[in-house]
Amino acid sequence: MLVLRFRVQAQPNRGDELAAALAAAVEPSRALDGVHHFDIARDLVDPTVFVATEVFEDTAARERQESLPEVGAVMSLLPDVLAAPPEATVYHVSSFESAL
């Protein structure tokens, strides 16, 4: 299983534009086989920051998600709207359990 954390910071006047593009990618991503979770949140203290937490069954599921046209639209928008370089970390998870 793969967990991907993706963080981006938009320019102050471009946050809503980025939010709309990110929102368009949520449902198609969640609908894919092998995508266990796909969540995007806006930072509570900095509305220009967005964090995606993505959980994939395997690399193939991640590749399917990344090939979606909605994801392509986000990626093509990033160079024009970002205030800082994106951050991305992949965690390879061999086991997990409920935290509740």
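The numbers here are math on the coordinates, done by the rules we state, and not lab data. What you are looking at is a predicted structure, and each value in this text was computed from that prediction instead of being measured. Reconstructed Cβ throughout: ideal geometry from the backbone, glycine too, with neighbour counts over all protein chains shown.
Some points to look at:
- Every condition in (1) touching a His at 6+ places or on another chain (Cβ under 8 Å); (2) crowded, with 16+ Cβ neighbours inside 10 Å; (3) not small (Gly, Ala, Ser) is met by residue 53 except one, and the failing one is (2).
- Looking only at the range 64-79, residues that are small (Gly, Ala, Ser) and part of a loop (DSSP other than H, G, I, E, B) come to 1 in all.
- Any hit, the range 73-84, residues being under 14 Å from the mean Cα position of the chain (by Cα) and among the charged types (D, E, K, R): no
- Scanning the range 42-63 for residues that are part of a strand (DSSP E or B) and of a type outside the set (A, V, I, L, M) gives 42, 50, 53, 54, 56.
- Within the range 37-49, one or more residues are among the aromatic types (Phe, Trp, Tyr) and without any contact (Cβ under 8 Å) to a residue 40 or more places away in the chain.
- In the range 26-49, residue surrounded by the fewest Cβ atoms within 10 Å (Cβ to Cβ) [restricted to those that are in contact with a helix residue (DSSP H, G or I) (Cβ under 6 Å, 6 or more places away or on another chain) and of a type in the set (A, V, I, L, M, F, W, C)]: 32
- Taking every residue in the range 73-85 that is farther than 13 Å from residue 20 by Cα and pairing it with any residue that is polar (S, T, N, Q) and surrounded by fewer than 16 Cβ atoms within 10 Å (Cβ to Cβ), at least 6 positions away or on another chain, the pairs with Cβ-Cβ distances below 6 Å are 83/11.
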